[in-house]
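Okay, so here's the structure we're looking at.
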Amino acid sequence: MSRRRALLIKLVTYFFRLKRSYAVLCTSHYILGIGDRHQSNFLIDTSSGQVIGIDIGSAFNAATIHLPVPELIPIRLT
């Protein structure tokens, strides 16, 4: 029973870190005006559950100008 409990605590901690780091990532991208967000622009550390944003070439609202289809939504929870 304690082994199952330890696994459950580890899983809950993993998903808490995943949600918290993704919320911080989305907030920072919104503040910095980073557009062009999709699933290919994130790395997930499978050991800790933390999310890292990559490919920030569309920073400071450049995605509203330079992309063929402008990024119009301020934040994307993909």
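What follows draws every value from the coordinates through simple rules; no lab data is involved. Everything numeric here is computed off the predicted structure, so don't read it as measured data. Glycine gets a Cβ as well: all are built from the backbone with ideal geometry, and neighbour counts include every protein chain shown.
In this label model, Lys19 and Ile44 are separated by 1.5 nm, measuring between points 7 Å along each Cα→Cβ vector.
For the pair Leu11 and Tyr30 in one chain, pulling the backbone fully straight at 0.36 nm per residue adds 4.0 nm over the alpha carbon distance. Other residues lying with their Cβ under 9 Å from the Cβ of Gln50 contribute a combined charge of +1, Lys and Arg counting +1, Asp and Glu -1.
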